[in-house]
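Enquirer: Just dropping this structure here.
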Amino acid sequence: MTEIVTFGEAMVRFAPPHFQRIEQARQFDIEIGGAELNTAVGLARLGRTAAWVSRLPDNALGRLVANRVCEAGVEPHVDFADDGRCGLYFLEFGAAPRASSILYDRKDSSIARVEPGAFDWPTIFQGAKWFHVTGITPALGENVAAATAEALAAARAAGLRTSMDLNYRSKLWSRETAGRTLAELLPGMDLLLASEPDADQLFGITGQDFAEVAERLVDRFGLTMVAGVRRQTPLVWRNTFGGIGYSVGHTFTTADYEVEIVDRLGAGDAFAAGVIHGILEGDFPRGLEIGAAMGALKHSIPGDLPWIAKDEVDELLKGQGLRIRR
């Protein structure tokens, strides 16, 4: 039995070293990543028990992903399928004035062929407290959106709290389809992780600031809490990162961290892990602080997964400096 269950795709990531363009590459560094998996790993690193539900091809790449999931301390609930393929993506690191970019190669992946009824959700949810998914999963196809809706309904029936990170990906689906689909999944969600641009693009919800946007999201969808990251990006490899949240008419903000970026992918997922962890401890504002520290630290770690120690989070929250630890 696990405390937190997540559901989504994980892909194999290929990135050429030394800021090379993909077309220059002679070799690639290999990692794995997927938003829901990244969050599950973050929760495991904070001492929680977490499971990741997915569908992978029954081949070497599928086993590579599953092995890395176990290595990261997350319990895999994987349907190894004889159809589909393992999703891939290619990451090209940029440097100002050239932004980093991603090329997806994930069409017809095994998870994109999942159908409702594929997983025994009541059994998976036994003893669990929380279910987390993102807007990326239903973007993979109408069948996957239906499977996501089935999972959310089963989670609520089992008494779990639920969360979604909107994570709108314009390369996967249109704004119209995304807005319509996600609006059907969101009502009654305990926690929504969202940005102001996503709220505008998907639902036409705008406001003078995050608090006003969050209040309107709460009113429309019956949410309990809304959280988001605050980021300034003056340079590709030097940003500031913090968190903000809204619940029951109150807005909470965290400290801002100046981050020297090694790899920014997965920072928002690490933030989500910290927020969920705090809520499970009964303290949403504290969760925002933990999430901001998690997201800031993730920027310093190669790969999508947050290989972060809980002690590092505690030290950052206490304001520990950058002297070498001996």
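The values are calculated or read from the model by the stated rules, or taken from the named source; none is laboratory data. Quick caveat: nothing in here was measured; it's all calculated off a predicted structure. With ideal geometry, Cβ positions are generated from the backbone for all residues, glycine too; neighbour counts draw on all protein chains shown.
Enquirer: Checking Asp198 against (1) acidic (Asp, Glu); (2) touching a residue at least 24 places away in the same chain (Cβ under 8 Å); (3) over 19 Å from Ala270 (Cβ atoms), which single condition isn't satisfied?
Expert: (3)
Enquirer: Something else: Quickly run through segment 275-311 and pick out the residues that are more than 17 Å from Leu193 (Cα to Cα), small (Gly, Ala, Ser) and either part of a helix (DSSP H, G or I) or free of Cβ contacts under 8 Å to residues at least 40 places away in the same chain (or both).
Expert: Gly282
Enquirer: Among the candidates Ala272, Ala255, single out the residue that is within 22 Å of Glu196 (Cα to Cα) and part of a helix (DSSP H, G or I).
Expert: That would be Ala272, the only listed residue that is within 22 Å of Glu196 (Cα to Cα) and part of a helix (DSSP H, G or I).
Enquirer: Now, a different point. Which condition number in (1) under 30 Å from Gly204 (Cα atoms); (2) in contact with a His (Cβ under 6 Å, 6 or more places away or on another chain) is the one that Val259 fails?
Expert: (1)
Enquirer: Can you name the number of the only condition in (1) buried (at least 24 other Cβ atoms within 10 Å of the Cβ); (2) without any contact (Cβ under 8 Å) to a residue 24 or more places away in the chain that Met164 fails?
Expert: That leaves (2) as the condition not met.
Enquirer: Evaluate the following for Thr162: is it modelled with pLDDT of 95 or more and in a helix (DSSP H, G or I)?
Expert: no
Enquirer: For segment 229-243, check the following and say yes or no: at least one residue is farther than 24 Å from Glu71 by Cβ, surrounded by fewer than 24 Cβ atoms within 10 Å (Cβ to Cβ), small (Gly, Ala, Ser) and touching a helix residue (DSSP H, G or I) at 6+ places or on another chain (Cβ under 6 Å).
Expert: Yes; the residues of segment 229-243 include at least one that is farther than 24 Å from Glu71 by Cβ, surrounded by fewer than 24 Cβ atoms within 10 Å (Cβ to Cβ), small (Gly, Ala, Ser) and touching a helix residue (DSSP H, G or I) at 6+ places or on another chain (Cβ under 6 Å).
Enquirer: Continuing with this model, one more query. Cβ-Cβ below 8 Å, separation at least six or inter-chain, first residue in segment 34-52 and buried (at least 24 other Cβ atoms within 10 Å of the Cβ) and in a loop (DSSP other than H, G, I, E, B), second of a type outside the set (Gly, Ala, Ser) and modelled with pLDDT under 95: which pairs?
Expert: none
Enquirer: Taking the conditions exactly as written (in a helix (DSSP H, G or I), of a type in the set (A, V, I, L, M) and either modelled with pLDDT of 95 or more or surrounded by fewer than 22 Cβ atoms within 10 Å (Cβ to Cβ) (or both)), does Ala183 satisfy them or not?
Expert: yes
Enquirer: Another question, then. Out of curiosity, is Tyr104 outside any helix (DSSP H, G or I), within 20 Å of the chain's Cα centre (by Cα) and crowded, with 21+ Cβ neighbours inside 10 Å?
Expert: no
Enquirer: Is it the case that segment 83-99 has a residue that's part of a loop (DSSP other than H, G, I, E, B), in contact (Cβ under 8 Å) with a residue 40 or more places away in the chain, over 17 Å from the mean Cα position of the chain (by Cα) and buried (at least 21 other Cβ atoms within 10 Å of the Cβ)?
Expert: Scanning segment 83-99, I find at least one residue that is part of a loop (DSSP other than H, G, I, E, B), in contact (Cβ under 8 Å) with a residue 40 or more places away in the chain, over 17 Å from the mean Cα position of the chain (by Cα) and buried (at least 21 other Cβ atoms within 10 Å of the Cβ), so the answer is yes.
Enquirer: In segment 128-145, which residues are more than 18 Å from Pro116 (Cβ to Cβ) and either among the acidic types (Asp, Glu) or part of a strand (DSSP E or B) (or both)?
Expert: Once the filter is applied, which keeps residues that are more than 18 Å from Pro116 (Cβ to Cβ) and either among the acidic types (Asp, Glu) or part of a strand (DSSP E or B) (or both), segment 128-145 yields Trp130, His132, Thr134.
Enquirer: Can you work out which of the residues in segment 111-127 that are assigned to a helix (DSSP H, G or I) and touching a residue at least 60 places away in the same chain (Cβ under 8 Å) is surrounded by the most Cβ atoms within 10 Å (Cβ to Cβ)?
Expert: Ile111
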